Number of protein chains: 2
Amino acid sequence: MNALEKLFIRIVQRVNINLRELEFDAKPYVWDLIPKEQMKKFYAFYGISPDHPLNLQFKNSGLAGSYFLGQCRVTNSLLYKTDVRGDELKKKGDRFQYNNLTIPVSKDEEIVIEDSAFVKTLIHNYSHDPETLEKFFIKDTISTHYANIHGSPSDGCFLGPFSTVDLTTMRDCVIGTFSYIQAGEISHLNIDPGTVWVRSPGSFNFLYRYPIDQLNTYIYFKAGIQPQGKFIDFVEDRKEAFQRIFDLVNIDPVPVPDSSSLDRYAVIKPKTEIGENVLISQRAYLQNSTLGKGANAQENCFIINSKLEGNNVTAHGAKIIESDLGKNVFVGFNSFLRGRPECRLKIGRESIIMPHTIIDISKPLTIPAGQLVWGLITDEKDLETNSISINSMSKIDNRLTKGNMFFEGSGKSFVSAFQDRIQHILEANGAFFNCTKKKGHQKGQQKELQKGHAQKNQNMSINTIQPYPRGKLEGLYPTISIKP
Amino acid sequence: MNALEKLFIRIVQRVNINLRELEFDAKPYVWDLIPKEQMKKFYAFYGISPDHPLNLQFKNSGLAGSYFLGQCRVTNSLLYKTDVRGDELKKKGDRFQYNNLTIPVSKDEEIVIEDSAFVKTLIHNYSHDPETLEKFFIKDTISTHYANIHGSPSDGCFLGPFSTVDLTTMRDCVIGTFSYIQAGEISHLNIDPGTVWVRSPGSFNFLYRYPIDQLNTYIYFKAGIQPQGKFIDFVEDRKEAFQRIFDLVNIDPVPVPDSSSLDRYAVIKPKTEIGENVLISQRAYLQNSTLGKGANAQENCFIINSKLEGNNVTAHGAKIIESDLGKNVFVGFNSFLRGRPECRLKIGRESIIMPHTIIDISKPLTIPAGQLVWGLITDEKDLETNSISINSMSKIDNRLTKGNMFFEGSGKSFVSAFQDRIQHILEANGAFFNCTKKKGHQKGQQKELQKGHAQKNQNMSINTIQPYPRGKLEGLYPTISIKP
């Protein structure tokens, strides 16, 4: 057994110890998921630019195919084709607001990954836990295909495929396949597959559960098998297009406006049009689509034969096929929106497609403007059950049950929480960047220009690193530290 | 002025201060040599394998196109397409023999580069200075195209194009274009172009000077111009072939025997045959040639339309064209051996072509076996003047003058010094590796197999690093540390 296998066994043991109360054994789920032979074949990479913080440290870890940006420390861990973006972390001197408390941040925040293993996982944002402002920790945690760990410190957890934990601190939890959790703080929970849970303690609680049989056709996972279903088929079918961009040192650049950025590890197929202030992240896939001003296409998203009018958020892992989206439409994490050439999906402006929504139609479908949409939708009838106008939602102040969805609390708070966040995402991504500087502007006024990722990620240097190719450390990377 | 230009000015100033007694101003020589615009375009790279020491540290430096292996610290320096191979350094616990003194090495040796600038320079081997066993330092030094700094600590020096300093500690010296210096310890010398000087104090002294007019047609350099002449034309003509290997992440491997290694950044053109125990280093160029068992092709060498029978050393920067070399022929640093299709150059077995030899013929020429050869040779007559049989040389015990060459001291010592060293180079490169393990061999007996670079450099991981692409640090690299 080589050092990489020993390390993997050690990680599995640590996760199992944490999850002993739930009687969960991670080993049969993941033993074949991390392809130990391939861990030595793929290079990892990291970005450098003057607009990003830089502090990367790797120790006794395998990093095959993974991408790093910003500030991140990785120790005793295995990362397979995983993206770690420490570019939205808090800085020393920032002030963190929690209810009526203003807490100063005492040092630059870091993402600290220890004793963990990830497969094709996205790690992004910053720790939203006021208890751990300077350290976005992820330890003793295993995460599987296309999971998102977003602003969520984690200790002793297991995440199923296509699951998302968002702005939530979790300890000793199992997050089921395709579940979305945004719940503040959770511990010792075993979340069923297909759960969509958005909670703000004391304010609101939103809960939806996918019909499990139908979910299984999209994504199914159990011990001893690889994840399978339509989601996996969909990404596997497009895998080859990524091969080319990883094989070349320099790829022919696709022209984008000066105010936009296109990551060198994104796939852009003809005929794609990219507007101003657009961010296209690594591992995004665009084909025959139009992205209007201020739209963004985040990691692992796919936008195919579609038109996005502008200021659209396509969150990590979202897929948009044969669809027309009005301005300011938000599509949340890992959502799967599939229109067909003969029956397109149309979504009116300012609608919110909640994270982990599946819209898969065989007749044309139009979602009106200003609608809140969740769950599984295959036709008009499902849409009626699994959506509500944002206006009506704002008026709920007690509870609401629709189909598999249960809501209690303040609809107004729920809607504002979403809207504020969408506004923040657009800002952070540079959607509102204004490049026409007025004369006489002073340094302090530069901020008005609202530079975001779309502008900061331009012309980034991408560096590659590789593991020991042979010997007892085969597949592991040397100790590497990169600072400004 | 950006940080890179400021750094360059600072380096030039430091070199000039050291060379003030020689009234040497490095600035007009080098200001345009380091292409400041290109410093941000090229990536640098380093090798990782279980068979090499690993300790690389880069700080406030530009590294465009440079390659690193082993142990090396670079601070406040500009390295352009330079190779630093810290893979032959001394280890803690080694014992260094100097005359009748045995000095223990107290810690792992490092190559320490500070406040220096190099263009296409090769840095290799270990400090041969008993005063500085653990630190192969190169500080306040500027080195130009295809110079070699080989086992030679340097403080406050300037090296002209195609010059070599070998096993020599130098302080405050200018080394002229195409000069070769192997002289123990030198200081405050301004060495004329085309000087070949091999000295072992108390034992022998060999001195040859190129006729300057003829040398100038091969390589000419003065303040304010780029180096020019046949050497430059020769390498420029073959530049494009290297482009491709730097543009691809993975190149189609050329098959080599299990006991040989071919660097991923070497150019191999058809129809090249590579025997067993052969080492081909990065930036070597092979075309339509045969390398017999145990031959090696070191950095920046070119072997074209030639046949090398086996155990041949082709040292850093040597060029062999349209030639047939018998077994154990040694071709020293930066030598230029040009036969023609209609008049090949033949060199008999065990001949020693001294470093910085130019053989450029327009009629067939045969050098007999066991000959020692130096200087400029264009025909039979030159060969007679600029060579002697090794046997005869061994019998010299006073002095010898032949053409532009002057020798005094013990010919026997001179010849053994060369022969011992050639033997050592072949050993270090793995020419004598024996892969047939006998049964019952114990661990201690592994050494008999004589693994060298040819075996250790197989399947090395090559990692790339890039500089800041924009901003005030444009062209400079972040602080990077890589350890096991």
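The values are calculated or read from the model by the stated rules, or taken from the named source; none is laboratory data. Quick caveat, the model's predicted, so the values are computed rather than measured. As a convention, Cβ positions derive from the backbone with ideal geometry for all residues, glycine included, and neighbour counts pool all protein chains shown.
Selection of the range B:366-389 for residues being buried (at least 19 other Cβ atoms within 10 Å of the Cβ) and either part of a loop (DSSP other than H, G, I, E, B) or β-branched (V, I, T) (or both) yields B:I367, B:V373, B:W374, B:G375, B:I377, B:N386, B:I388. Residue-level check: of (1) closer than 17 Å to A:N76 by Cβ; (2) more than 11 Å from the chain's Cα centre (by Cα); (3) polar (S, T, N, Q), A:T121 misses just (2). Remark: pairs (first residue in the range A:377-391, free of Cβ contacts under 8 Å to residues at least 12 places away in the same chain and under 15 Å from A:Y210 (Cβ atoms); second residue among the charged types (D, E, K, R) and in a helix (DSSP H, G or I); Cβ separation under 9 Å; 6+ apart in sequence or on different chains) are absent.
B:V249 passes every criterion in (1) farther than 30 Å from B:R264 by Cβ; (2) of a type in the set (A, V, I, L, M, F, W, C); (3) in the same structural domain as B:I359 (by TED's automatic domain parsing) apart from (1). The residue that is nearest to the other protein chains (Cβ to nearest Cβ), among those in the range A:43-53 that are part of a loop (DSSP other than H, G, I, E, B) and either crowded, with 22+ Cβ neighbours inside 10 Å or out of contact with any strand residue (DSSP E or B) (no Cβ under 8 Å at 6 or more places or on another chain) (or both), is A:P50. Residue check: A:S116 meets all listed conditions (1) small (G, A, S); (2) under 16 Å from the mean Cα position of the chain (by Cα); (3) under 24 Å from A:R73 (Cβ atoms) but one, namely (2).
Taking only the range A:446-483 into account, find how many residues are among the basic types (K, R) and over 27 Å from B:K40 (Cα atoms). Result for the range A:446-483: 3. With respect to being at pLDDT below 90 and part of a helix (DSSP H, G or I), A:G444 fits the description.
The set of residues in the range B:54-98 being within 12 Å of chain A (Cβ to nearest Cβ) and outside any loop (DSSP other than H, G, I, E, B) consists of B:N55, B:L56, B:Q57, B:F58, B:K59.
Can you report the number of residues in the range B:151-165 which are in contact with a His (Cβ under 8 Å, 6 or more places away or on another chain) and either among the basic types (K, R) or surrounded by fewer than 24 Cβ atoms within 10 Å (Cβ to Cβ) (or both)? Residues flagged as in contact with a His (Cβ under 8 Å, 6 or more places away or on another chain) and either among the basic types (K, R) or surrounded by fewer than 24 Cβ atoms within 10 Å (Cβ to Cβ) (or both) within the range B:151-165 amount to 1. Filtering A:K40, A:K81 for residues that are modelled with pLDDT under 90 and crowded, with 17+ Cβ neighbours inside 10 Å leaves a single hit, A:K40.
Contact map, the range A:276-295: first residue farther than 13 Å from A:V254 by Cβ, second residue among the acidic types (D, E) and not in a loop (DSSP other than H, G, I, E, B), Cβ cut-off under 9 Å, separation 6 or more or different chains; pairs are A:S281/A:D83; A:Q282/A:D83; A:R283/A:D83; A:T290/A:E273; A:G292/A:E273. Name the residues in the range A:1-25 that are over 17 Å from A:E114 (Cα atoms) and not aromatic (F, W, Y), would you? Within the range A:1-25, A:M1, A:N2, A:R20, A:E21, A:L22, A:E23, A:D25 qualify. Only one entry of B:Y126, B:Y146 meets the criterion of being outside any strand (DSSP E or B) and closer than 29 Å to B:Q228 by Cβ, and that entry is B:Y146. Among the residues of the range B:251-261, not a single one is in contact (Cβ under 8 Å) with a residue 24 or more places away in the chain, over 24 Å from B:S461 (Cα atoms) and of a type in the set (S, T, Y). Scanning the range A:459-484 for residues that are facing another protein chain (nearest Cβ under 7 Å), in a loop (DSSP other than H, G, I, E, B) and touching a strand residue (DSSP E or B) at 6+ places or on another chain (Cβ under 7 Å) yields a total of 7. Would you check if A:T121 is over 17 Å from A:I191 (Cα atoms), assigned by TED's automatic domain parsing to the domain that holds A:Q182 and of a type in the set (S, T, Y)? So A:T121 fits the description; yes. Given the condition in contact (Cβ under 8 Å) with a residue 12 or more places away in the chain, touching a Gly at 6+ places or on another chain (Cβ under 7 Å), surrounded by 14 or more Cβ atoms within 10 Å (Cβ to Cβ) and not small (G, A, S), answer yes or no: does some residue in the range A:225-237 qualify? Checked against the condition, which is being in contact (Cβ under 8 Å) with a residue 12 or more places away in the chain, touching a Gly at 6+ places or on another chain (Cβ under 7 Å), surrounded by 14 or more Cβ atoms within 10 Å (Cβ to Cβ) and not small (G, A, S), the range A:225-237 yields no hits at all.
Considering the range B:320-361, the residues that are of a type in the set (S, T, N, Q) and under 17 Å from B:I280 (Cα atoms) include one that is nearest to the chain's Cα centre (by Cα), namely B:N334. Checked against (1) outside any loop (DSSP other than H, G, I, E, B); (2) under 13 Å from the mean Cα position of the chain (by Cα), A:G317 passes all but a single condition, namely (1).
From the list A:S179, A:S200, A:S187, the one residue that fits, being surrounded by fewer than 22 Cβ atoms within 10 Å (Cβ to Cβ), within 30 Å of A:K395 (Cβ to Cβ) and among the small types (G, A, S), is A:S200. The residue that is surrounded by the most Cβ atoms within 10 Å (Cβ to Cβ), among those in the range A:343-365 that are outside any strand (DSSP E or B) and aliphatic (A, V, I, L, M), is A:M354.
Within the range B:244-269, being in contact with a Cys (Cβ under 8 Å, 6 or more places away or on another chain) and either within 20 Å of B:C301 (Cα to Cα) or surrounded by fewer than 19 Cβ atoms within 10 Å (Cβ to Cβ) (or both) holds for one residue alone: B:D258.
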